[in-house]
């Protein structure tokens with residue numbers, strides 16, 4: 001039978017009360033059921049496979065059920081998994097429930113859609129094969145967003161082959177409003193609001209975001225994690241005729257959608273004409289190619305992910321253009337009450353990347369940062385030490401204050417608080433208030 005696309009499995013052994021005592025109290029009989037030839041044949045297992053039974057003592061039914069469930073989970077892992085990592089993750093999913101004589105230590109949470117019966121001795125074994133658990137992943141429909149969502153989908157499908165992962169493409173308000181800057185229409189949260197609503201309404205179980213688009217204020221019903229490793233966090237200089245910002249002539253038009261980039265460009269190159277640039281990645285490149293701009297500044301991560309690294313004329317060092325909070329990292333947002341996603345997503349999280357991004361977000365949160373404020377923060381991990389740099393400035397680039405601190409990786413939140421406090425002590429509040437006035 002094709003079990004590769006079905007899970008979980010429920011195993012029921014029906015016996016009368018006297019016979020039930022035999023199967024639950026005899027290691028020999030338990031081993032006989034688990035090693036029986038029909039099971040070996042059905043799962044096409046290696047004949048040398050050894051599955052051990054369990055002896056119940058002191059009426060420990062719960063312990064026995066646990067052991068039987070572990071054994072049958074292992075059986076499934078043996079025939080479905082293609083490598084040791086997949087086998088370990090199938091076992092970790094623990095999608096097997098055993099009932100003996102109609103009894104189990106947990107209530108079955110599902111209804112069977114397929115049933116296979118066969119006999120071993122006088123025991124009736126019933127396998128209930130369930131439809132594959134389906135996880136719906138919400139994503140924007142831009143080419144970059146779909147690449148990111150498909151990347152996560154493929155990773156999860158490889159780790160959890162018993163589940164089915166599908167995408168729910170959505171057009172967000174941020175994708176629809178292209179004639180105004182993000183700061184004028186509500187901020188980057190416009191890119192994730194509809195995706196979060198889809199999860200809250202039960203239309204999706206999780207969503208994939210560019211971390212730099214995720215606002216600080218989020219629904220409490222959702223959990224945010226950071227997938228790793230991080231792609232190149234730097235800004236990229238893209239031009240058809242010039243090598244870098246320093247090579248541009250006075251009055252050259254430079255496009256960017258970010259006040260953060262605008263501030264830093266104006267501070268270093270006040271002779272350049274920095275103008276807003278909206279649209280998805282392909283739209284921005286097309287506007288450059290049409291001659292509307294002499295150069296544009298984009299996130300290197302997006303260009304690399306879409307195989308467009310050859311459009312990068314030069315990368316801007318983080319000393320000259322401090323990245324946005326979370327730039328280059330992918331965010332995985334999911335329902336807090338989902339029974340399995342929290343554990344499954346753990347396998348995709350890189351602890352160092354997550355610590356870096358959460359330290360950066362702490363700075364932004366403390367300063368109430370958003371896309372209407374020129375603010376950047378970037379953390380780097382070296383061993384167990386995290387170094388966090390941040391800046392706040394005005395759009396004209398005439399005033400910029402900076403802060404930098406280091407701390408152990410585990411203290412990322414305290415590090416973010418410390419850097420934010422340093423900026424506030426230098427007068428960041430005045431700059432922020434002026435930007436929002």
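The values are calculated or read from the model by the stated rules, or taken from the named source; none is laboratory data. Being a predicted model, the structure only gives us computed values, none of them experimental. Methodologically, a virtual Cβ is constructed for each residue, glycine included, from the backbone with ideal geometry; neighbour enumeration extends over all protein chains shown.
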Open item on the list: Only one of 322, 298 is within 21 Å of residue 231 (Cβ to Cβ), part of a loop (DSSP other than H, G, I, E, B) and either in contact with a strand residue (DSSP E or B) (Cβ under 8 Å, 6 or more places away or on another chain) or not assigned by TED's automatic domain parsing to the domain that holds residue 358 (or both). Can you tell me which?
Closed with: 322
Task: Positions within the range 281-295 being within 19 Å of residue 231 (Cβ to Cβ) and within 27 Å of the chain's Cα centre (by Cα), in sequence order - done: 281, 282, 284
Open item on the list: I'd like to verify a number: residues in the range 301-319 that are assigned to a loop (DSSP other than H, G, I, E, B) and either closer than 21 Å to residue 241 by Cα or without any contact (Cβ under 8 Å) to a residue 12 or more places away in the chain (or both), how many?
Closed with: 6
Open item on the list: So for the range 326-343 (the condition being touching a residue at least 12 places away in the same chain (Cβ under 8 Å), part of a helix (DSSP H, G or I) and in contact with a helix residue (DSSP H, G or I) (Cβ under 6 Å, 6 or more places away or on another chain)), does at least one residue qualify?
Closed with: no
Task: Odd one out for residue 254, checked against (1) without any contact (Cβ under 8 Å) to a residue 40 or more places away in the chain; (2) touching a helix residue (DSSP H, G or I) at 6+ places or on another chain (Cβ under 9 Å); (3) not in a loop (DSSP other than H, G, I, E, B) - done: (1)
- [ ] Collect the residues in the range 126-146 that are farther than 21 Å from residue 199 by Cβ and at pLDDT 90 or above, keeping them in residue-number order.
- [x] 143
TODO: For the range 274-305, enumerate the residues that are more than 18 Å from residue 258 (Cα to Cα) and surrounded by 15 or more Cβ atoms within 10 Å (Cβ to Cβ).
DONE: 304, 305
